[in-house]
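See structure below.
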Amino acid sequence: MKELSLVQAAREGLNEELKIDTNTCFLKIENDLNKKENRAAGNSDPDGQRIVNMPKSQATIISSATGLALIGMRPIIELSNTEDIYLSFSALLDQAAKLRYMSGGKLQFPITYLIIEDDERCDFNVLHSDSPYSFLLHGGMKVVIPSCAYDAKGLLVSAVRDNDPVAVFLPTRALGEVGEVPEEQYTIPLGKADIKRHGTDVTVVATGHLVAAALSAAEKLEKEGVSVEVFDVRSLLPLDREALEKSIAKTGRMVIIDDSPITCGFGSFVASTVAEEFFAHLRAPVKIVARADVPVPFNRLLEEYVIPSEEKLILAIKKII
Amino acid sequence: MREIRYLQATAEALNKEMELDGNVIVFGEDVRESLRGVTKGLVGIYGENRVIDFPISEQGMIGCGIGCAISGLRPVIEFQINEFTFFAFEQLVLQSQKLRFYSGGKIKIPMTFVVPGSGARGGISGQHSDNPYSFLIHGGMKVVIPSCAYDAKGLLVSAIRDDDPVAVFLPTRALADKGEVPEEQYAVPLGKADIKREGSDMTVVATGHLVGVALSAAKKFEEEGVSVEVFDVRSLRPFDKEALEKSITKTGRVVIIDDSPITCGFSNFVSAIIVEEFFSCLKAPVKIVARADVPVPFSQPLEDYVLPSEEKLINAIKQITGGA
Amino acid sequence: MHKDLDKKKCMDMFRQLYLTRRYSETVVELGDKGFIRGPLHPGIGMEAVCVGVLNATNDDDYIGVSHRGQAASVVRNSDIGLLFAEQFGKKQGCNHGKGGTMHFNLFNEKRFFELDSEVAGKVPIFTGVALGCKIKGLKQISVVFYGDGAMSEGWVHESMNLAKTLELPIIFVVENNQYAVTTKVEYSCSAKHLSDRAKAYGFEGIEVDGMDVEKIYEAAKDSVLKVRSGSGPINIVANSYRFCGHFTAERILNLKYRSNEEIEEWQKRDPVSTWPDRLVREKICTSQEIEAIKAAAEQELVLAVEFAKAGDLPEPQDGLKDMYATEYAGIPRKGWF
């Protein structure tokens with residue numbers, strides 16, 4: 001065991017996979033030198049061939065990963081900011097996510113997209129502040145978001161070994177989270193959520209760095225006699241519906257806190273699943289704490305206003321208790 | 001009043017807007033010859049400067065449109081196929097949608113994206129059968145889907161006159177529908193739903209051609225004594241929450257039928273609003289009938305299986321009204 | 001005649017041209033009769049490009065064909081019954097009924113596919129295949145076909161730049177049929193010659209007569225040798241023409257973007273007629289041998305269509321299968337209960 005930050009843990013898992021599986025290859029799109037220390041980029045270069053620096057042509061590079069997968073490789077691509085998803089939207093959702101199905105199941109595309117969400121903070125480029133994973137969910141792509149170092153390594157390894165396209169989002173505000181990480185390679189299966197804190201009065205479904213916000217809110221509310229269960233989604237698609245049902249059956253109340261825009265976002269996916277399939281367990285409205293449907297503004301106060309936070313979570317919980 | 005086809009109604013709307021406002025211009029691929037029918041004859045009337053064929057460079061085309069819009073023109077861009085949304089996504093969702101916000105409201109981008117023949121046309125398979133409006137909604141864009149010829153003309157007019165980017169999806173399965181359409185130009189406001197059929201036992205929230213499907217199902221249920229209210233969304237964003245509240249308060253039961261994939265689709269958006277804000281009115285689970293989370297397959301039995309249909313809607317209604 | 005084109009090869013190329021042409025015509029007929037759904041995009045008139053290029057490749061080279069590239073199936077000796085069955089939506093089809101027209105996949109079996117029908121969508125994918133060949137040190141090369149209209153797509157330019165920067169073993173083949181639906185190539189392409197674009201990216205661009213299968217073969221053979229030796233990408237622009245419309249619906253749309261005179265002018269150079277005429281004229285083979293090839297091709301078509309007709313439609317629930325290679329409970333979601 002050693003103490004690593006979330007991004008270091010992801011890097012460790014990635015580098016080890018590159019070493020042990022000679023079918024993997026790693027594509028780096030030219031990165032901002034300033035952000036070098038934050039990159040999970042593979043620093044190992046196992047045989048000098050399988051790590052490729054690519055010029056900044058996002059759409060083509062992501063599409064070329066589909067070609068690499070076609071001839072039997074297992075490509076991993078690191079996207080340096082969320083804007084890359086927009087530029088390569090077609091390559092991700094019209095190609096990688098669809099072609100296996102359209103081939104009648106004969107082809108497979110074991111690709112991993114590693115997205116390190118860029119800074120939401122106001123001292124960085126506002127056009128790089130989006131949180132676009134809900135788009136990928138709508139397109140049927142598997143998506144995982146670790147909240148801590150231990151999950152980061154395990155989920156990344158599972159993503160690489162999965163035989164379909166998987167997008168791994170490392171949230172900016174959790175990159176520095178330090179935690180204990182086993183030295184050996186291990187997997188955390190997709191489709192398995194994790195109850196980070198057990199409770200009985202309300203379930204808080206949280207993703208990424210918002211898990212920490214949920215845990216902090218839970219501690220505060222415990223002093224007021226409210227028992228909060230913190231449900232760390234980890235795997236957004238496939239979603240652990242069994243665990244979700246178990247939790248809502250126990251508490252009867254749910255707040256979802258998620259970092260994508262509220263309309264048609266991950267929060268609405270969970271809420272509608274509960275409203276349709278687990279309705280009988282509900283004793284109160286489902287609340288969603290998500291980003292407002294606006295871009296992230298530059299000014300810090302405005303920014304704080306539109307993004308999800310612990311304060312907003314606590315308010316939402318209090319409304320349904 | 002005369003009856004004309006849905007497609008003709010949209011062509012009429014566009015033609016008249018170009019006549020009334022010299023700033024309206026049309027971009028697209030093969031819009032001069034008009035492959036899709038919405039822009040037929042326009043180049044002959046308004047000239048090559050106002051009806052422009054682009055090479056197959058969608059990002060470039062939308063980018064040009066943004067530039068024209070910022071400098072005072074009012075571009076109407078036709079997507080020859082629905083999947084342009086994917087190709088030009090960055091320009092649509094990052095640039096055209098956000099620039100006004102980032103300018104602090106100083107610039108306006110009055111663009112209209114027209115998608116004629118959206119959705120599954122039958123036998124055209126996974127990459128040409130999408131209804132990508134849920135992506136645009138999540139990206140913050142205004143989106144309208146008319147269900148009939150009357151709404152088609154009025155909504156397109158409103159979309160063109162709106163000072164923000166608005167995407168107008170014209171569902172393939174509605175294009176040939178005939179309906180009464182006034183000769184004069186008129187606008188159907190954004191943000192206003194339409195109750196196409198009043199009812200008291202349950203609400204069916206429907207989009208596009210599925211409104212017709214809902215009306216057909218409603219008729220069948222009437223004979224069995226179940227009164228179904230058909231809520232035609234029309235404007236997906238901005239969404240008429242007030243009208244939804246009024247309907248749910250009255251009926252207490254709801255099925256949402258929508259032609260985009262279920263996960264994080266428009267159906268999820270409506271369901272989330274209901275379970276969050278109108279929970280106390282609900283007498284039953286909120287049911288959804290949407291596309292499966294797969295690309296549209298080619299073979300007919302497979303295609304029919306994954307798309308929303310009247311049969312599935314009827315089953316969903318029965319489940320929450322306890323049969324009838 | 002090119003030194004590699006002996007009698008056997010010449011006759012085989014005629015067989016491929018003729019069978020592809022008859023295949024396309026049969027597909028249109030079957031579409032009209034209701035056996036094949038959806039819009040159809042035959043490549044009538046353009047057969048020489050695919051036939052010429054693919055005869056210059058090895059069977060294990062990777063090929064991405066365009067939506068008019070059914071000749072690939074014929075050249076690679078794949079059972080065309082699989083294509084018909086797919087277009088009939090039968091589960092015996094090459095994509096089990098999920099892909100249909102414009103989406104044939106025979107990648108694992110014969111190293112080619114049409115699968116992705118996005119405009120120029122295969123260009124970056126096959127650039128990736130070429131990258132994979134380089135990383136793995138394979139002898140194979142990658143060949144990708146696309147049209148003059150598709151040349152304007154951003155990622156074609158990105159792919160060409162990438163291919164040269166990384167010195168990838170790929171041949172970009174442009175099937176210039178003069179029109180992108182109704183838009184003339186002179187209107188949509190700023191370069192005087194389409195092959196100038198490759199030069200701008202630092203590699204060779206060759207223009208060739210797309211109606212002359214020998215000239216295409218010659219250009220392709222040279223290019224394949226160079227690319228396989230590691231000298232980086234090459235672009236071949238084949239100037240061709242489609243006698244049919246962009247798609248079958250055009251017959252009722254009354255579009256007026258080109259004249260009948262223009263079509264007739266190009267039809268005089270129809271490779272499916274000019275090639276056998278030349279073979280007989282130069283006494284490479286006899287007209288009886290030509291007729292025998294035609295008869296055999298017709299028979300092959302009959303059997304292929306019968307195979308398709310006899311096939312089974314898939315079960316509706318199969319619509320939810322094959323989305324994921326690594327499966328998990330609950331996905332893909334159904335969308336209804």
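Values in this text are rule-based calculations from the coordinates and carry no lab data. The structure presented is a predicted model; accordingly, all values stated were derived computationally and were not measured. Backbone-built Cβ (ideal geometry, glycine too); neighbour counts: all protein chains shown.
From the cross-link list A:K28/C:K321; A:K153/C:K164; B:K40/B:K153; B:K142/B:K220; A:K223/A:K287; A:K192/C:K90, which pairs have alpha carbons spaced over 27 Å apart? Working shown, then result.
On the way: A:K28/C:K321 33 Å; A:K153/C:K164 36 Å; B:K40/B:K153 16 Å; B:K142/B:K220 34 Å; A:K223/A:K287 22 Å; A:K192/C:K90 37 Å.
Those over the limit are A:K28/C:K321; A:K153/C:K164; B:K142/B:K220; A:K192/C:K90.
Can you pull the mean other chain C-beta count within 10 Å for peptide C:148-156? Write out the running numbers ahead of the final one.
On the way: counts 2, 5, 2, 3, 8, 9, 11, 14, 3.
What the average comes to for C:148-156 is 6.
Among B:D201, B:D258, B:D232, which one shows the highest mean-square fluctuation when chain B is modelled as a Gaussian network with alpha-carbon springs under 10 Å?
Sorting by GNM fluctuation, first place goes to B:D201.
In what order do C:V27, C:V123, B:V211 fall by count of nearby beta-carbon atoms within 10 Å, going from fewest to most? Before the final figure, lay out the partial values.
On the way: C:V27 22, C:V123 31, B:V211 28.
Fewest-to-most Cβ neighbours within 10 Å comes out as C:V27, B:V211, C:V123.
Just name one of A:S103, A:V294, C:I284: the one whose Cα is farthest towards the positive end of the charge dipole of the protein assembly as shown (beta-carbon charges, Lys/Arg +1, Asp/Glu -1).
A:S103
Given a Förster distance of 45 Å, report the FRET efficiency between A:E277 and B:E242 from their Cβ-Cβ distance, rounded to the nearest 0.05. Kindly include the intermediate steps, with their values, before the conclusion.
Numbers: r = 28 Å, r/R0 = 0.62.
It comes to 0.95.
Across chain B, where is the longest run that never hits trypsin sites (Lys or Arg not before Pro) in a DSSP loop with at most 13 other C-beta atoms within 10 Å? Spell out each step's value before the answer.
Values: sites that count: B:R2, B:K106, B:K283.
Free of exposed loop sites, the longest segment is B:107-282.
What FRET efficiency would be calculated for the residue pair A:E222, C:I263, taking the C-beta separation as r and a Förster radius of 56 Å, to the nearest 0.05?
Here the calculated transfer efficiency is 0.10.
Would you mind ranking C:V185, B:V31 by Cβ crowding within 10 Å, fewest neighbours first?
C:V185, B:V31
Given charges of +1 on the Cβ of Lys and Arg and -1 on the Cβ of Asp and Glu, with all other atoms neutral, how large is the dipole of the protein assembly as shown about its Cα centre, in debye to the nearest 20?
On the way: 112 positive and 137 negative charges, 74 e Å.
The calculated dipole for the protein assembly as shown is roughly 360 debye.
Rg and Dmax of chain C over Cα atoms: what are they, in angstrom?
20.1, 69
Hey, any idea what the orientation-averaged projected area of the convex hull of chain A's Cα atoms comes to, in nm²? Walk me through the intermediate numbers first.
Details: hull surface 64.8 nm².
Here the figure is 16.2 nm², rounded to one decimal.
Under 5 Å between amide hydrogens, which residues at least 5 positions from A:A167 or on another chain qualify, with H placed 1.01 Å from N in the peptide plane?
Amide H neighbours of A:A167: A:Y113, A:K142, A:V143, A:V144.
Rounded to the nearest 0.05, what FRET efficiency do B:S71 and B:K250 give with R0 = 56 Å and r taken as the Cβ-Cβ distance? Could you check?
Details: r = 48 Å, r/R0 = 0.86.
The value I calculate is 0.70.
Note the angle between two axes, namely the Cα long axis of helix B:6-20 and the longest principal axis of the Cα atoms of chain B, as a number of degrees from 0 to 90, rounded to the nearest 10.
40
Would you kindly state how much longer the chain becomes between A:E180 and A:N163 on full extension, computed as 0.36 nm times their sequence separation minus their alpha carbon distance, in nm to one decimal? List each step's numbers first, then the result.
Working: separation 17, 0.36 × 17 = 6.12 nm, distance 2.81 nm.
Extra length available between A:E180 and A:N163 comes to 3.3 nm.
Got a sec? How would B:S227, C:S229 order by Cβ neighbour count within 10 Å, fewest to most? List each step's numbers first, then the result.
Working: B:S227 15, C:S229 9.
If I rank by nearby Cβ atoms, fewest first, I get C:S229, B:S227.
Distance from the Cα centre of the stretch B:144-159 to that of the stretch A:259-317, in angstrom?
First find each Cα centre; the distance between them is then 31 Å.
Answer with one residue from C:I44, B:I320, C:W155: the one whose Cα lies farthest towards the positive end of the charge dipole of the protein assembly as shown, charges on Cβ with Lys, Arg +1 and Asp, Glu -1.
Checked the options; the winner is B:I320.
Can you give me the C-alpha center-to-center distance between the stretch A:235-257 and the stretch C:99-171, rounded to a whole angstrom?
Centre-to-centre (Cα) distance: 43 Å.
Cα axis of helix B:58-70 to longest principal axis of chain B: angle in degrees, 0 to 90, nearest 10?
80
Which is the longest stretch in chain C that no exposed loop site breaks, taking sites as trypsin sites (Lys or Arg not before Pro) with a DSSP loop state and at most 13 other Cβ atoms within 10 Å?
Details: sites that count: C:K3, C:K33, C:K139, C:K192, C:K256, C:K268, C:K283.
With a cap of 13 other Cβ atoms within 10 Å, the longest stretch comes to C:34-138.
Relative to the longest principal Cα axis of chain A, at what angle does helix A:310-320 sit, 0 to 90 degrees, rounded to 10?
The two axes meet at around 50 degrees.
So, in nm, how far is label B:E198 from label C:Y187 when the simple model puts each one 7 Å beyond its Cα toward the Cβ?
5.2
Extending each Cα 7 Å along its Cβ direction at A:A249 and B:E180, get the distance between those two points in nm, one decimal.
In this crude spin-label approximation the distance works out to 5.4 nm.
Scan chain A and report its longest stretch carrying no GluC sites (Glu not before Pro) that are both in a DSSP loop and have at most 14 other Cβ atoms within 10 Å.
On the way: sites that count: A:E30, A:E183, A:E184, A:E224.
Value returned for the longest uninterrupted segment is A:31-182.
Could you work out, residue by residue across B:28-35, how many beta carbons of other chains sit within 10 Å of that residue's beta carbon, and then give the average as an integer?
Numbers: counts 0, 8, 9, 2, 4, 8, 3, 8.
Across B:28-35, the average partner-chain Cβ count within 10 Å equals 5.
DSSP loop (so not H, G, I, E, B), at most 13 other Cβ within 10 Å: list which chymotrypsin sites (Phe, Trp or Tyr not before Pro) in the stretch C:87-175 pass both filters.
On the way: sites: C:F88, C:F104, C:F107, C:F112, C:F113, C:F126, C:F145, C:Y146, C:W155, C:F172; in loops: C:F88, C:F104.
Loop-located and lightly packed - none at all.
Could you state the orientation-averaged shadow area of the convex hull built on the Cα atoms of the protein assembly as shown, in nm² to one decimal?
On the way: hull surface 154.3 nm².
Mean shadow area of the hull around the Cα atoms is 38.6 nm².
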